[in-house]
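A quick write-up on the structure given underneath.
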Amino acid sequence: MDEAVAVAAALRRARHQSLRLPDALVFAADVVGAETILTGDKRWQSLDDRVEVVR
């Protein structure tokens, strides 16, 4: 983890208090370098426009 990921995780966690720290770190790592964020968690859809829920 680098500083950009840590900052992104902290910002997401501050805005979305229901987002747990491990999820915030995974999400932030994806956000820093990804065009699309794939997840199976429907709750992530509200976090970013790049989130795509897969089944």
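The values are calculated or read from the model by the stated rules, or taken from the named source; none is laboratory data. Since we're looking at a predicted model, the values are computed, not measured. All Cβ positions, even for glycine, are placed from backbone atoms using ideal geometry, and neighbour counts span all protein chains on display. Accessible surface areas use protein heavy atoms only, side chains included; no ligands, DNA or RNA. Shrake-Rupley method; radii C 1.70, N 1.55, O 1.52, S 1.80 Å.
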Accessible surface, per residue, of the chain when the full set of protein chains is kept, probe 1.4 Å, Å²: 72 Å²
Under 5 Å, built H, 5+ apart or other chain: amide partners of I37: V51, E52
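How large is the charge dipole for the chain, taken about the Cα centre, if only the Cβ atoms of Lys, Arg (+1) and Asp, Glu (-1) carry charge, to the nearest 20 debye? Before the final figure, lay out the partial values.
Values: 8 positive and 9 negative charges, 69 e Å.
With only Lys, Arg, Asp and Glu charged at Cβ, the dipole is about 340 debye.
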Top positive-direction residue, dipole computed over the chain with Cβ charges, set S18, A4, A28: S18
Highest to lowest packing among 23-36, 41-54, 4-17, scored as the average C-beta count within 10 Å: 23-36, 4-17, 41-54
Note, ³J(HN,Hα) from phi for segment 19-24, Karplus 6.51, -1.76, 1.60, rounded to Hz, x at Gly and Pro: 6, 6, 4, x, 5, 4
The chain - percent relative contact order, Cα under 8 Å, separation 6 or more: 28 percent
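Name the shape class, rounded, prolate or oblate, that the alpha-carbon gyration tensor gives for the chain, where a ≥ b ≥ c are the square roots of its eigenvalues, rounded holds for a/c under 1.5, and otherwise prolate holds if a/b is larger than b/c and oblate otherwise. Let's see the in-between values first.
On the way: a/c = 1.97, a/b = 1.30, b/c = 1.51.
Oblate.
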